[in-house]
Amino acid sequence: MAAATTASISLSLHLRLRPPLPPPRRPARHAAFLLPTPSLLPQRLHLAPCRPTWCPDVRVRAGSSIGALPALARPGGAVETDRLPSDVRDRAMEAVDHFGGRVTIGDVASRAGLQLAQAERALQALAADTEGFLEVSEDGEVLYVFPKDYRTKLAGKSFRMRVEPLVDKAKEVGAYLVRVSFGTALIASIVLVYTTIIAILSSSSSDEDSRGRRRRSYGSTIIIPTDMFWYLDADYYRRRRVEKENGMNFIESVFSFVFGDGDPNDGLEEKRWKMIGQYISSNGGVVTAEEVAPFLDVPPPSEESKDDESFILPVLLRFQGHPEVDEQGNIMYRFPSLQRTASSKSGGSREYVGTKWSAMFGGVEKYLEEKPWKFSKANASEKAMVAGLGGLNLFGVIILGNLLKQMTVTPGGLISFAAQLYPLLQIYAGSFFAIPLFRWFLLRKTNSDIKKRNKAREQRAQELLSPDSSLRRKLLSARDMAQRKVITPEEIVYTTEKDILEQDYEVKEWERRFKELESD
């Protein structure tokens, strides 16, 4: 009975404002990392004062290995990472790799541009699925530590991660087939239209030899579409690699001419928040609104917009920041969670402003620049050929329509087939020029707006390179307020990786540390 009771005891760690209680007299041994779950016999161990802006609540279950349930490591046997959106998971893993597998929530949020809640949820899921563990510093900061092979462990458990590359490949193949099919339809339409025209003209002649010659001419015409399917040969993939270097092939250029080549700014928001998070973190977690403006959609600097800092509100919400006022009355924005890091890789706070400050960033982009939309990536000769064939097809459809109206007898065979498809041929021929014309007018407006936004952000960035006296004082004040804290392994007082008996939980040591904290 006593052994069963001992095996069920759990230790719940809650970061609060009071000093800790002594450890249990009969501590149990730890089990694998768990997501927060209720404990059977909770005992509160208060590690350190917690900042009011962010107070994590972490519960780590530790139980005897005797009689432990294997399902405890992953409640319900589910893979927690599979519940995350793919982009959140991948961005969090990229951040973990960048910092060497030992991170804080702020590290992941700033590096990946994620919301703090998203970063915390991603880290919890990754740790639960890859045998990661927690570390708690003497200041009460929580760190997540992952094994070097955590990606391999995760891939072995997650069926979704194994399937996703196949799904992505299928999407790429499907998208390419759509592009190729639209270009092939142009060739097929031209062949069908002009073959039908020849057939109609042939049927109106009484000369059998003439009809025979036209039929032979028609037979030679049918070979044309088969010649256009060169991309289906054995050397297709080699040809594709060459074409990617030298430009797209004709079949693809048809789709590009009509529909374009997709959004050139795909992933812009992800890039934006990554740049903002990394900038705030590298500057000690304290910035001014003027420093964040070059990454946002802001109006150009003017007297009217000089005192308007409302554009920073989305940044405060995403990274849980708050405004502070310095002694001179300037408003700064502090992001406490981005001030604490497990790695010194990002560097310390900036000590300079202006041109000297800019030189410290090297090749880092100083403002977010959107790319203008292109009408088509096809070169001039390809577009001319596509437009010419499209015009040839449109002209043939018009002629075919007139011939079908003039027919006095019921058509049969190929002519009947073309007559049934004629409405679709009209739609295809008309949309071939209507859609590009509409896109051309739309792109003019879109690119004009992009140019204005880029210009405004560039002007905001230029203000930081050559700040006036007022802005310089404000920037220097933000540097003085920066408090970037690197949590070293020497500051760790608790980890779920080791047994509780092996760790320093002596009451006298805890009392000494907390007396030092209280005296500070």
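Ser189 falls short on exactly one of the conditions (1) crowded, with 18+ Cβ neighbours inside 10 Å; (2) within 30 Å of Asp129 (Cβ to Cβ), and that condition is (2). I'm trying to understand the selection: among the residues of region 117-168, which are acidic (Asp, Glu), over 20 Å from the mean Cα position of the chain (by Cα) and open to solvent by 10 Å² or more (accessible area, probe 1.4 Å)? Once the filter is applied, which keeps residues that are acidic (Asp, Glu), over 20 Å from the mean Cα position of the chain (by Cα) and open to solvent by 10 Å² or more (accessible area, probe 1.4 Å), region 117-168 yields Glu131, Glu135, Glu138, Asp139, Glu141, Asp149. Taking region 261-308 as the range and being within 21 Å of Gln459 (Cα to Cα), assigned to a loop (DSSP other than H, G, I, E, B) and in contact with a strand residue (DSSP E or B) (Cβ under 7 Å, 6 or more places away or on another chain) as the test, only Thr288 passes.
How do the helices (runs of 4 or more DSSP H) wholly within region 414-520 filter down when requiring 1 or more residues that are at pLDDT 90 or above, among the small types (Gly, Ala, Ser) and more than 30 Å from Val298 (Cβ to Cβ): which remain?
Those helices (runs of 4 or more DSSP H) span 414-465.
The values are calculated or read from the model by the stated rules, or taken from the named source; none is laboratory data. Note that this is a predicted model, so its numbers are computed, not measured. In this analysis, Cβ positions are derived from the backbone assuming ideal geometry, glycine residues included, and neighbour counts consider all displayed protein chains. With ligands, DNA and RNA removed, areas are computed over all heavy atoms of the protein, side chains included. Shrake-Rupley method; radii C 1.70, N 1.55, O 1.52, S 1.80 Å.
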